[in-house]
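Taking it in order: structure first as structure tokens, then the write-up.
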């Protein structure tokens, strides 16, 4: 590849050396027919008992989509356009939701789509694989700047058709497409490795704890369960020294202080993920929807207790009450039973499971690096 310091308006800054000259410029409306689908009537239950793919906007997370969560009958599909394999489809409804804006996939089977999706059917010299990468570069910005609506943010035909798109010759497109496909395959292999490691960890954990023998004690009998302190969201930052755990699986922001020391177990108190168990290796701020397990007695290893609770996460989640915003009561968590074996066995179990967890984390960081590298290359190799 070569970096062109004298890049013109219509050629990318990073390019394969055998290609020169400016790219063509057109609009989405000129190069593609745009089609948005529909939802067959659910009053007729037979409509959703078929084998024809019916894709909704929440399914467009990966490069390729092979099958949809719901299939419709051939009779229901008669009122929809059956898109051929290789069609690029994006989400156009609900773009305010995390993980929806900027998403799109290429169909790998003939499919129909809902009205929350838009399909791009080529009419010119732009291949759908090229369009996929172009949208990976611009989709997020398009969703932020041009989506309409207050509660639900949507894109429309009138908006999309006007977007300018620059593209090279078919030969250069094919080389770019092949290169991006290799990056995606590497990411897919890494993702499968991580999933396999998680399955292995789960299997090993189940095996170890199924055979463990020891004293059965309520969680409150070996530790102090402490509920965190809520912080006004206005005081949280996007980056900072101390992360804030507050009822989710990810930090809700960052704060300039901490109220819990490093190497502490936390359990989500409220929200859809209440019962989520996490080991915190760094000092952090425990929010109002977060429990921390503190003052653990000396004959119980902290890492053993973490791995035990993590293995019982589903059971802990079953303690939740309420529907709108479920939560776990402190008194119920306090009574949760824990098996405590001899200290030597605790250390053996925690060493095995911690090793597997650290390996998974290392591979996870590699996956993040691969995705970051791909996004960088797309931004440099596409206009």
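All of the numbers you see were taken from the coordinates with simple rules; none came from a lab. Source: prediction; values computed, not measured. Ideal geometry is used to build each Cβ from the backbone, glycine not excepted, and the neighbour counts take in all protein chains shown.
For this structure, a couple of remarks:
- Computed from Cα positions, the angle between helix 302-311 and the longest principal axis of the chain comes to roughly 60 degrees.
- The range 268-310: C-alpha pair distances exceeding 18 Å, %: 31
- Once C-alpha pairs closer than 8 Å and six or more residues apart are averaged by separation and normalised to the residue number of the range 17-168, the relative contact order reads 33 percent.
- The shape of the range 98-137 comes out oblate: with a ≥ b ≥ c from the C-alpha gyration tensor, a/c is at least 1.5 while a/b does not beat b/c.
- Relative to the longest principal axis of the Cα atoms of the chain, the long axis of helix 128-146 makes an angle of roughly 70 degrees.
- Taking other C-beta atoms within 10 angstrom as a stand-in for reagent exposure, 179, 284, 130 fall in the order 179, 130, 284, fewest first.
- Helices in the chain, meaning DSSP H runs of at least 4 residues, each add -39500 (n - 2.57). Divided by all residues, the mean residue ellipticity at 222 nm is -11000 deg cm²/dmol.
- Cα-based shape type of the range 216-344, given that a ≥ b ≥ c are square roots of the gyration tensor eigenvalues and the cut on a/c is 1.5: oblate
- Largest to smallest principal axis extent of the C-alpha atoms in the range 278-358, angstrom: 43, 27, 25
- Volume per residue for the chain equals 184 cubic angstrom (convex hull of Cα atoms).
- The long axis of helix 170-211 is offset from the longest Cα principal axis of the chain by roughly 20 degrees.
- Calculated over the range 1-87: convex hull of Cα atoms, volume per residue (Å³): 150
- Spatially, the range 182-227 and the range 302-341 are offset by 15 Å when compared through their Cα centroids.
- Footprinting exposure proxy ranking of 226, 260, 216, 297, fewest other C-beta atoms within 10 angstrom first, gives 216, 297, 226, 260.
- Prolate/oblate/rounded label for the range 17-168 (Cα gyration tensor, a/c 1.5): prolate
- The order of 320, 186, 42, going from fewest to most other C-beta atoms within 10 Å of their C-beta, is 42, 186, 320.
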